[in-house]
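The values are calculated or read from the model by the stated rules, or taken from the named source; none is laboratory data. This one's a predicted model, so the numbers in the text were calculated from it and none came from an experiment. In this analysis, Cβ positions are derived from the backbone assuming ideal geometry, glycine residues included, and neighbour counts consider all displayed protein chains. Remember, those area values only see protein heavy atoms, side chains included, never the ligands or the DNA or RNA. Shrake-Rupley method; radii C 1.70, N 1.55, O 1.52, S 1.80 Å.
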Amino acid sequence: MTSTTLHIADLSVAVSYRPVKHLHLSVHPPDGDVRATVPERVSEDKVRRFVLSRLSWVRRQRKEFAEVPRKEELQFTSGETVFLWGKGYRLLVEETSGKHRVITQSDRLHLLVRPGTDREGRRRALYRFYQEELTRHLPHLRDRWEATTGLTASEYRIKFMRTKWGSCTVADRRIWLNVELAKHPQACLSYIVLHELLHLQEREHTAAFRALLTRYMPGWEQVREELNGGFPGLPGLV
C-alpha cells in the first residue's frame with residue numbers, strides 16, 4: 001500500500017492506493033479530513049477528476065461537521081459520566097496505593113489511582129480497564145461468529161482508533177477492534193466482530209457484503225445506528 005496527499009481545489013486529500021476495485025471517498029469527523037481509497041493502477045488525473053465530481057458532497061459534509069458542537073473532553077475527574085457496555089456510570093476517582101484499578105458498583109465506577117496521577121494517567125487506567133473488558137468478552141463472540149460463518153481470523157487485536165470501529169487486514173487475516181467499543185452495548189461489539197470477519201470473504205461494502213450481514217445478523221442496521229449516533233464525536237464509518 002502507498003499513500004500520498006493531493007491538493008484538489010481547496011482540499012487536501014489523503015490518498016491511499018490499495019488492492020480494491022473502486023475509488024472511495026470519505027470525509028471524517030471532527031475536522032472534515034478528506035480521504036480517498038484508490039485502486040493501485042489508477043492515475044492521479046483520474047483521482048483528481050473523481051474528487052472534483054464529488055466536490056459539492058464533500059463541502060456539504062465538511063459544513064455539517066463544522067456545525068456540530070464539539071463535545072467537551074473528559075478530564076477523568078469525580079462527578080463525570082463514563083460509559084461501560086452502554087450504561088452510564090458516575091465516575092469516582094480515588095487515590096490509593098498499589099496498582100491502578102477500576103471497580104464498578106451499582107451506578108458508580110471507581111477509578112483507583114496512585115496519588116498525584118495526572119489526567120493522562122487516569123485516562124490510561126480507564127482505557128486499560130476497557131481493553132480488559134473487551135478481551136474478556138471477545139472469545140465468546142469470536143468463537144460464535146467463526147463457527148457460524150466458517151471464516152477464521154488469525155488474530156484479534158485491540159487499540160484506540162479515531163475513525164474506525166474496526167478493521168481487517170485481509171492479507172494477514174488480522175482483525176483490529178476499537179477499544180471505544182467497550183462504551184457501547186455488547187451487541188455493538190458482536191456486530192463489529194462479524195462485520196470485520198466477513199471482510200475475509202467480501203473485501204468491499206458491496207450488496208453481497210450487506211446480504212451476508214443480513215443473513216447472519218438480521219437488524220444489523222439498528223446496531224450500526226447505535227454506533228454511529230450513540231456517542232457524538234466517535235467514529236461513524238461502518
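Within 22 Å of His205 (Cα to Cα), open to solvent by 70 Å² or more (accessible area, probe 1.4 Å), without any contact (Cβ under 8 Å) to a residue 24 or more places away in the chain and not charged (D, E, K, R), is that true of Ser16? Spelling it out, it is not the case that Ser16 is within 22 Å of His205 (Cα to Cα), open to solvent by 70 Å² or more (accessible area, probe 1.4 Å), without any contact (Cβ under 8 Å) to a residue 24 or more places away in the chain and not charged (D, E, K, R). Listed by first and then second residue, the pairs linking a residue in the range 120-134 that is within 14 Å of Leu84 (Cβ to Cβ) to a residue that is part of a helix (DSSP H, G or I), with Cβ atoms under 6 Å apart and 6 or more places separating them unless they lie on different chains, are Tyr127/Val179; Tyr130/Val179; Tyr130/Ala182; Gln131/Val179; Glu133/Ala182; Leu134/Ala182.
Specify the residue that is most open to solvent (accessible area, probe 1.4 Å); the eligible residues are those in the range 19-49 that are of a type in the set (D, E, K, R), more than 22 Å from the chain's Cα centre (by Cα) and closer than 23 Å to His199 by Cβ. Result: Arg41.
So is Arg62 more than 28 Å from Val193 (Cα to Cα), without any contact (Cβ under 8 Å) to a residue 40 or more places away in the chain and either among the basic types (Lys, Arg) or in contact with an Asp or Glu (Cβ under 6 Å, 6 or more places away or on another chain) (or both) or not? Steps first, answer last, please.
On the way: more than 28 Å from Val193 (Cα to Cα): yes; without any contact (Cβ under 8 Å) to a residue 40 or more places away in the chain: yes; either among the basic types (Lys, Arg) or in contact with an Asp or Glu (Cβ under 6 Å, 6 or more places away or on another chain) (or both): yes.
So Arg62 passes the test.
Inside the range 34-62, residues that are closer than 14 Å to Thr4 by Cβ, part of a helix (DSSP H, G or I) and modelled with pLDDT under 90 make up a count of 0. Against the numbered list (1) over 30 Å from Leu213 (Cα atoms); (2) in contact with a Lys or Arg (Cβ under 8 Å, 6 or more places away or on another chain); (3) not in a loop (DSSP other than H, G, I, E, B), Cys168 comes up short only at (1).
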